[in-house]
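The values are calculated or read from the model by the stated rules, or taken from the named source; none is laboratory data. Keep in mind that this is a model prediction, so the values were computed, not measured. Don't worry about glycine lacking a Cβ; one is built from the backbone with ideal geometry, like all the others, and counts go over all protein chains shown. Each accessible area value is taken on the protein alone, full model and side chains, heavy atoms only, with ligands, DNA and RNA left out. Shrake-Rupley method; radii C 1.70, N 1.55, O 1.52, S 1.80 Å.
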Amino acid sequence: MPGTTRRAITRLLKTEGALSSAQLARRLRLTRMAVRQHLYALQREKLVGAEERPVPLGRPAKYWRLTPEADRLFPDAYAELSVALIGALGDAFGPAGVERVLQSRNAKQRSEYAARIAPSTGLEAKLRALARVRTEEGYMAEVKRDGTGFLFIENHCPICAAATACQGFCMTELDLFRAVLGPGITVERAEHIVSGDRRCVYRVMPAGRSASAVHAS
């Protein structure tokens, strides 16, 4: 997929979800015609698709989104190898052996994250440090303040194939976030890529506050 503009378009669609050509044009500071030409080229490569949405006046608006084919544009952390290794571990050592491997991985991550995320900082600072670490690992993470807490958003999952094959990866990640953010913090998963959502979203707030006050945007 040549061209920095097309890479910028696919990244925006990855992080923002479906967008119209007008929205993309404003974000990229290009004309609508120029953006549409890039979108049609991406469509020919089967990397984007379009859907029509009704508007109050006039014809329905066309919104563009990434297709499953576009997953190859983003890091996948050796998907096929990961799935094969999980299967081999299960065959050799059974579910208990796989669980021990996941716990060992979780302990290593806790140690690495703790070295980069100061325990004495506030919740927002911890989340933004965590987002930087996770982005370096391919998760395209970001933090948004919302309501009584925060949304920790991962727009991509570089271990999606492995997590689909072994749900334990997702459970240990929840444990990891809770450990890194410290006591008195509630972390709840609101959206889940493995369950079919576009992204993974976690509601994060001081314990005791109502999760219903925070809504994914």
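Of the numbered conditions (1) under 11 Å from the mean Cα position of the chain (by Cα); (2) open to solvent by 40 Å² or more (accessible area, probe 1.4 Å); (3) closer than 30 Å to GLY94 by Cα, ARG198 fails exactly one; give the number of that condition.
(3)
Using the structure shown, decide if PHE169 is modelled with pLDDT of 90 or more, open to solvent by less than 50 Å² (accessible area, probe 1.4 Å), in a helix (DSSP H, G or I) and among the aromatic types (Phe, Trp, Tyr).
Values: modelled with pLDDT of 90 or more: no; open to solvent by less than 50 Å² (accessible area, probe 1.4 Å): yes; in a helix (DSSP H, G or I): yes; among the aromatic types (Phe, Trp, Tyr): yes.
No: the conditions fail for PHE169.
Look at GLU188 and say whether it is closer than 30 Å to GLY90 by Cα, open to solvent by 40 Å² or more (accessible area, probe 1.4 Å) and in contact with a helix residue (DSSP H, G or I) (Cβ under 9 Å, 6 or more places away or on another chain).
On the way: closer than 30 Å to GLY90 by Cα: yes; open to solvent by 40 Å² or more (accessible area, probe 1.4 Å): yes; in contact with a helix residue (DSSP H, G or I) (Cβ under 9 Å, 6 or more places away or on another chain): yes.
In short, yes.
For the stretch 31-52, how many residues are open to solvent by 90 Å² or more (accessible area, probe 1.4 Å) and in a strand (DSSP E or B)?
1
Would a scan of the stretch 111-118 turn up a residue that is modelled with pLDDT under 90, among the aromatic types (Phe, Trp, Tyr) and either surrounded by 13 or more Cβ atoms within 10 Å (Cβ to Cβ) or farther than 18 Å from ASP197 by Cβ (or both)? Quick ask: steps written out before the conclusion?
Restricting attention to the stretch 111-118, the residues satisfying the condition of being modelled with pLDDT under 90 are none.
Among the residues of the stretch 111-118, not one is modelled with pLDDT under 90, among the aromatic types (Phe, Trp, Tyr) and either surrounded by 13 or more Cβ atoms within 10 Å (Cβ to Cβ) or farther than 18 Å from ASP197 by Cβ (or both), which makes the answer no.
Restricting to the stretch 150-159, name every residue that is closer than 14 Å to ARG134 by Cα and of a type in the set (A, V, I, L, M, F, W, C). Outline the logic, then answer.
Restricting attention to the stretch 150-159, the residues satisfying the condition of being closer than 14 Å to ARG134 by Cα are 152-159.
The answer is PHE152, ILE153, CYS157, ILE159.
Considering only residues that are out of contact with any strand residue (DSSP E or B) (no Cβ under 6 Å at 6 or more places or on another chain), touching a residue at least 40 places away in the same chain (Cβ under 8 Å) and of a type in the set (Ser, Thr, Tyr), look in the stretch 3-41 and name the one that is farthest from GLU142 (Cα to Cα).
SER21
For every residue, the table says whether it meets (1) aromatic (Phe, Trp, Tyr); (2) at pLDDT 95 or above; (3) within 30 Å of ALA179 (Cα to Cα); (4) touching a Ser or Thr at 6+ places or on another chain (Cβ under 6 Å).
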{"position": "MET1", "(1), (2), (3), (4)": "no, no, no, no"}
{"position": "LEU24", "(1), (2), (3), (4)": "no, yes, no, no"}
{"position": "ARG32", "(1), (2), (3), (4)": "no, no, no, yes"}
{"position": "GLU45", "(1), (2), (3), (4)": "no, no, no, no"}
{"position": "GLU51", "(1), (2), (3), (4)": "no, no, no, no"}
{"position": "LEU81", "(1), (2), (3), (4)": "no, no, yes, no"}
{"position": "ILE86", "(1), (2), (3), (4)": "no, no, yes, no"}
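Can you find even one residue in the stretch 146-154 that is open to solvent by 60 Å² or more (accessible area, probe 1.4 Å), in contact with a helix residue (DSSP H, G or I) (Cβ under 7 Å, 6 or more places away or on another chain) and outside any helix (DSSP H, G or I)?
We begin by selecting, within the stretch 146-154, every residue open to solvent by 60 Å² or more (accessible area, probe 1.4 Å); these are 147.
This time we only want the ones that are in contact with a helix residue (DSSP H, G or I) (Cβ under 7 Å, 6 or more places away or on another chain), so: 147.
Filter once more, keeping what is outside any helix (DSSP H, G or I): 147.
Yes - at least one qualifying residue is present in the stretch 146-154.
Please verify whether the stretch 2-23 includes one or more residues that are touching a His at 6+ places or on another chain (Cβ under 6 Å) and open to solvent by 20 Å² or more (accessible area, probe 1.4 Å).
Taking every residue of the stretch 2-23 in turn, at least one turns out to be touching a His at 6+ places or on another chain (Cβ under 6 Å) and open to solvent by 20 Å² or more (accessible area, probe 1.4 Å).
Could you identify the single residue in ALA131, ALA92 that is open to solvent by 30 Å² or more (accessible area, probe 1.4 Å) and assigned to a helix (DSSP H, G or I)? Quick ask: steps written out before the conclusion?
On the way: ALA131 fails: open to solvent by 30 Å² or more (accessible area, probe 1.4 Å).
ALA92 is the lone residue from the list that is open to solvent by 30 Å² or more (accessible area, probe 1.4 Å) and assigned to a helix (DSSP H, G or I).
Out of the stretch 65-79, which residues are out of contact with any Ser or Thr (no Cβ under 7 Å at 6 or more places or on another chain), open to solvent by less than 70 Å² (accessible area, probe 1.4 Å) and either among the charged types (D, E, K, R) or modelled with pLDDT of 75 or more (or both)?
THR67, PHE74
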